[in-house]
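The values are calculated or read from the model by the stated rules, or taken from the named source; none is laboratory data. The model shown is predicted, which means the values in this text are computed figures rather than measured ones. No Cβ is skipped: glycine too gets one built from the backbone with ideal geometry, and neighbour counts run over all protein chains shown. Quick note on the areas: whole protein, heavy atoms, side chains included, nothing else; ligands and nucleic acids left out. Shrake-Rupley method; radii C 1.70, N 1.55, O 1.52, S 1.80 Å.
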Amino acid sequence: QVQFVESGGGLVQAGGSLRLSCVASGRTFIFNAMAWYRQAPGKQRELVARISSSGATNYAYSVKGRFTISRDNAKNTVYLQMNSLKPEDTAAYYCNTYPSQRDWGQGIQVTVSS
């Protein structure tokens, strides 16, 4: 099982930017596809972006062109650069493998004010 520690969230005004980081434990990180997910209050957790072990990326339609996922295998870290943030991006953000494993990290809160 891989464990995850997310960081970099916070409060930002609409139109602003944030960069999330996730450090994953385990020597198998480089072989795993990784992803960022988010969950807004009262809503189901949704996939935001994913990146394969070779670096191929895929995004939810709602964030395409605004968010960028990347990874640094030497640091066991996956990033999510979020630009042009909107109030509807407000959520708790989590990283996990793709497909997700059972156990999740604490997540990190992102709040976008209008």
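What FRET efficiency would be calculated for the residue pair SER52, THR111, taking the C-beta separation as r and a Förster radius of 25 Å, to the nearest 0.05?
0.25
Report the Cα centroid-to-centroid distance between the range 11-53 and the range 69-103 in angstrom, as an integer.
Using only Cα atoms, the two centres lie 1 Å from each other.
Between GLN13 and SER70, how high is the FRET efficiency from 1/(1 + (r/R0)^6) when r is the Cβ-Cβ distance and R₀ = 25 Å? Nearest 0.05.
0.55
Leaving out ligands, DNA and RNA, and with a 1.4 Å probe, what % of the accessible surface on the chain is carbon or sulfur? Can you show the working numbers first?
Details: 3030 of 6260 Å².
Accessible surface attributable to carbon and sulfur in the chain totals 48 percent.
Would you mind working out the accessible area per residue for the chain, using a 1.4 Å probe, and quoting it in Å²? List each step's numbers first, then the result.
On the way: 6260 Å² over 114 residues.
With all protein chains present, the chain gives 55 Å² per residue.
With a sphere of radius 14 Å drawn around the Cβ of GLN39, what net charge do the other residues whose Cβ falls strictly inside it have (Lys, Arg +1; Asp, Glu -1)?
Local net charge: -1.
Say R0 is 25 Å: what FRET efficiency, to the nearest 0.05, do PHE31 and TRP104 get from their beta-carbon distance?
Rounded to the nearest 0.05, the efficiency is 0.80.
Full-extension gain between LYS86 and ARG45, please, as 0.36 nm times their residue separation minus the C-alpha to C-alpha distance.
13.0 nm
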